[in-house]
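One structure below.
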Amino acid sequence: MTTKSRRNEAFVAAVLVAPFVLIFGWMFIYPTLQMIYLSFTKSPLIGAGTWVGLDNYIKMFNDKTFWTAIWNTSYFVLLTVVPGTAAAMIIALMVSRLNGWIQSFILAAFFLPYILPVTVVYIIWDWMLNLQFGIAQFIIEPLAGKRVNVWRSLPWFMPMAALLTIWWTNGFSILLFLAGLRNIPKELYEAAALDGATRWQVFSKITWPLIWPVTVLCLTIQLILQLKIFDQVYLFAQGGRTQATMVLVQFIYEQAFQKNSGGYAATIAVALFVIVVGFSLLQFQLLRTRGGNK
């Protein structure tokens, strides 16, 4: 290939990539840099501020509410990401054994909550868990010995928020797992059956390794989504102990839109950004390490 041809190819490639680079820089890189700059200032949500250096970061690390938000967010992630992904995998394994309209009906039943807006989810679960007439209280009462207002009880709040989140968001993960299961060649299962492999051996030696990339993808998507939890906690904690159930995005919202402290809100947003990027890189490394060991 001549030098001129290489230059032409490079020029064409640059022209094709340029729109994406410009949009990405405008929509992501520039706002991110602005957020980082804003975190070093004392400024309102809209308007100029004054440079304060690391004062916001020192304030954040000494803020008890920030550590409460870190704990609540971490606790919620612990309750949702791995259990939700495991539940989606189990459901996908069961649905994959069905055929025809029954499979379509069951799959639609699991996917339907995913397309509901958060306000509808809130109304459904607020009605189900209502202290006077909620049908879920018939399950809670034998376990707790009494009816429980779960949205005003700290030990119950996060587990119930996690449960409704898994119910609400798992439909997409189920579809991903089903796609992964359908890409596994049937010949592998037929060969395993001829060799007399048990169901556990088939799962551990064939199914699980081949859907591992899908599993990591689901874990990564769920991790990023659940680290940014806001809607469920904000809606169900209204009128209750909001400081005790504070999560990171809610803390950012409170500082920015309720207290008009744009600089401090940006500082907390930077901390959340670092956490999300760190966990995403960790899961990517986990996928690459496992892939390299095969």
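Data table
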| quantity | calculated |
| --- | --- |
| Partners for Lys259 among aspartates and glutamates (Cα-Cα distance below 16 Å; same-chain residues under 8 apart left out) | Asp63 |
| More than 19 Å apart - percent of Cα-Cα pairs taken over segment 110-163 | 29 percent |
| Sparse-neighbour loop sites [chymotrypsin sites (Phe, Trp or Tyr not before Pro); segment 74-163; at most 15 other C-beta within 10 Å; DSSP] | Phe133 |
| q = 0.11, 0.17 Å⁻¹: log10 I(q)/I(0) that the Debye formula gives for segment 1-111, counting C-alpha atoms only | -0.84, -0.93 |
| Two-site FRET efficiency, Asn130 against Ser104, from Cβ-Cβ distance with R₀ of 30 Å, rounded to 0.05 | 0.35 |
| Added length on full extension, which subtracts the Cα-Cα distance from 0.36 nm per residue, Leu225 to Phe273 | 16.0 nm |
| Of (1) 168; (2) 352; (3) 230, the label for volume of the Cα convex hull per residue in Å³ derived from the coordinates | (3) |
| Segment Ile58-Leu93, extension gain: residue separation times 0.36 nm, minus the distance between their alpha carbons | 7.7 nm |
| Efficiency of FRET from Cβ geometry, Leu45 and Val21, R₀ 35 Å, rounded to 0.05 | 0.75 |
| Rg in Å to one decimal, and Dmax rounded to a whole Å, for segment 154-273 via C-alpha atoms | 21.1, 68 |
| Relative contact order (percent, whole number), segment 94-247, Cα cutoff 8 Å, 6+ residue spacing | 26 percent |
| Nearest-0.05 FRET efficiency for Asn149 and Gln243, computed from C-beta distance (R0 25 Å) | 0.90 |
| Flagged links, alpha-carbon separation over 31 Å, of Lys205/Lys228; Lys186/Lys228; Lys59/Lys146; Lys42/Lys64 | Lys205/Lys228; Lys186/Lys228; Lys59/Lys146 |
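Laboratory data are not the source of any read-out in this text; all were calculated from the coordinates shown. Nothing here was measured: the structure is a model prediction, and the numbers come from that model. Here Cβ is always computed from backbone atoms with ideal geometry, including for glycine, and neighbour counts include all displayed protein chains.
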